[in-house]
Amino acid sequence: MDNFKNNLFRFSCILFGVLFVGCDLITDQTPWVTLFDGSSLEGWSQKGGEAKYTVSDGEIIGTTVHDTPNSFLVTDSIYGDFILELEFLVDPSMNSGIQIRSESLPYYQNGRVHGYQVEIDPSERAWSAGIYDEARRGWLHPLDDQNKSAKSAFKQNQWNHYRIEAIGDTIKTWINGDEAAHLMDDQTDKGFIGLQVHSIGQNQEEGTEIRWRNIKILTENIEAYSTKTSLPMLDKINKLTKNELDSGWQMLWDGETTNGWRGAKLEAFPENGWEIKNSELIVLASDGGESEAGGDIVTLKKYSDFEFMVDFKLTPGANSGIKYYVDTNINKGAGSSIGLEYQILDDDLHPDAKLGNHPGSRTLASLYDLIQADVDKPTKAIGEWNRAHIISKDNNVKHYLNGAKVLEYERMTVQFRTLVSESKYVVWPNFGELEEGQILLQDHGDLVHFKNIKIKELTN
């Protein structure tokens, strides 16, 4: 009888377990996709340094080596919006991280991996699950002392769990179930996922390890599976990072007001033709004419040697420009103010791309009407954000587009003056040779968006 009762009890337990598991399988419909098959590195490639990546017992193992830069094992697939979960076990002496929305491009620092990194930090600083911008701007969202729960959530010499949500311009992270970071940033909207093995110094022991397992991603119906966070959002759009502030960058536009700008031919900012919306500075469409609606806008301050950046988004067939070394007193008549121009243009649809005395000199990122930008320039599609970057130092000027240098020239030279003499600017004496001038955003009658406008004054 006792045996019967015992067997009945065991049977009931087994049955209950089966039912429980069955119910769990029925209710868990999350469409996870496994990124690591547990037995090979299929779907992954190594970039950067030469740290060792191996597979054992359903784990990816990264091992440090001397005399190599940061190493990354990255997905062959590109991901935009996603939810990512994984586990890791890291040696207490190491530093590591999870790259998301990251890139390796031949024209950017010779292919160096760059992009968002969710930090793995077993040090006393305890910034694990904070967000770093690898090879670009540095720390975006460190774990401050107010977030004590997340800072204490990391487990030394044990497996830790990360949840990372990247949806639109928002990135959220959790470590072992504790909320860690809540960031809004718009630098990169897609890229690969990577597992970092950080470089080590000669005084550090070679052969230390980090292990990853249970790597899975969700890319379908993400909003339905997104987790709410109580953390306040740290907004980095139209704002500088600590690294940028420390290196001398300043915002030229605050994302909210017209402070620091005026109409090129006005004492104040234009009353029409421009709009501030969704943290964007927008020149509105009119008739496609040059400075015939709200007109160009210029900085109140003049600049000599400088480094300038702005993100811009074109609409189909649009025309605009960034002018520098501008003197608004030179041209008080019709048309735009006079200055050197970084062209902004839809090369495919706008007829200006095929005009000018110097072939190709009116295409995107070119020195307008003077020097053509590299024909292999990395241009993003119309409707996507591009980044213009201008560096002017000691009369040497460089234009960059999306991180790639697309042209370089010297002001005040015989070659430069010859180009001017062959261009539409020949009517303006000493064109492009001011020692200082304003920065201008052009109204050419087409809808164009701007944001993240910043400048760094360069001194000897």
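The values are calculated or read from the model by the stated rules, or taken from the named source; none is laboratory data. Note that this is a predicted model, so its numbers are computed, not measured. For neighbour counting, all protein chains shown are included, and Cβ atoms are generated from backbone atoms with ideal geometry for every residue, glycine included.
Values computed for the structure shown
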read-out	value
Residue within the range 426-442 that is touching a residue at least 60 places away in the same chain (Cβ under 8 Å), farther than 30 Å from THR257 by Cβ, surrounded by fewer than 20 Cβ atoms within 10 Å (Cβ to Cβ) and of a type in the set (Phe, Trp, Tyr) present	yes
Leading residue by the ranking (nearest to LEU314 (Cα to Cα)) among those in the range 339-357 that are part of a loop (DSSP other than H, G, I, E, B) and touching a strand residue (DSSP E or B) at 6+ places or on another chain (Cβ under 7 Å)	ASP346
Answer residue from the range 105-123, given it is assigned to a loop (DSSP other than H, G, I, E, B) and free of Cβ contacts under 8 Å to residues at least 60 places away in the same chain and is surrounded by the fewest Cβ atoms within 10 Å (Cβ to Cβ) among those	PRO106
Residue among THR208, THR299, THR229 that is closer than 27 Å to ASN452 by Cβ, out of contact with any Cys (no Cβ under 8 Å at 6 or more places or on another chain) and assigned by TED's automatic domain parsing to the domain that holds ASP37	THR229
Residue in the range 394-408 that is at pLDDT 95 or above, at negative phi and more than 29 Å from the chain's Cα centre (by Cα) present	no
Scan of the range 99-156 for residues that are at positive phi and of a type in the set (Lys, Arg), ordered by number	ARG101
Selection within the range 51-92 - of a type in the set (Asp, Glu) and surrounded by 14 or more Cβ atoms within 10 Å (Cβ to Cβ)	GLU59, ASP81, GLU85, GLU87, ASP91
First in the range 164-184 and at positive phi and outside any strand (DSSP E or B), second anywhere and crowded, with 21+ Cβ neighbours inside 10 Å and modelled with pLDDT of 95 or more, Cβ under 6 Å, 6 or more apart	ASN176/ALA153
Restricting the range 47-88 to residues that are among the aromatic types (Phe, Trp, Tyr) and within 26 Å of GLU205 (Cα to Cα), the residue that is nearest to the chain's Cα centre (by Cα)	PHE72
Every pair of residues 6+ apart whose Cβ atoms lie under 6 Å, when the first sits in the range 67-87 and is part of a loop (DSSP other than H, G, I, E, B) while the second is among the basic types (Lys, Arg)	ILE78/LYS190; GLY80/LYS190
Meets criteria (at pLDDT 95 or above, touching a His at 6+ places or on another chain (Cβ under 9 Å) and in a loop (DSSP other than H, G, I, E, B)) for GLY255	no
Flag for ASN319 being surrounded by fewer than 19 Cβ atoms within 10 Å (Cβ to Cβ) and of a type in the set (S, T, N, Q)	no
Search result, residues across the range 95-104 that are modelled with pLDDT of 95 or more and either in a loop (DSSP other than H, G, I, E, B) or within 14 Å of the chain's Cα centre (by Cα) (or both)	GLN99, ILE100, ARG101, SER102, GLU103, SER104
Unmet requirement for ALA373, which otherwise passes all of (1) buried (at least 21 other Cβ atoms within 10 Å of the Cβ); (2) assigned to a helix (DSSP H, G or I)	(2)
Subset of the range 104-128 [under 19 Å from GLY191 (Cβ atoms) and among the small types (Gly, Ala, Ser)]	SER104, GLY111, GLY115
Looking only at the range 202-226, and only at residues there that are touching a residue at least 12 places away in the same chain (Cβ under 8 Å), among the polar types (S, T, N, Q) and assigned to a loop (DSSP other than H, G, I, E, B), the one that is surrounded by the most Cβ atoms within 10 Å (Cβ to Cβ)	THR208
Pairs with Cβ under 6 Å, 6+ apart, first in the range 404-416 and in the same structural domain as ARG362 (by TED's automatic domain parsing), second surrounded by 13 or more Cβ atoms within 10 Å (Cβ to Cβ) and of a type in the set (Val, Ile, Thr)	LEU407/ILE371; TYR409/ILE371; TYR409/VAL397
Cross-chain or 6+ apart pairs with Cβ under 8 Å, the range 295-318 first and more than 27 Å from ASN395 (Cβ to Cβ), then at pLDDT 95 or above and of a type in the set (Ser, Thr, Tyr)	LEU314/SER320
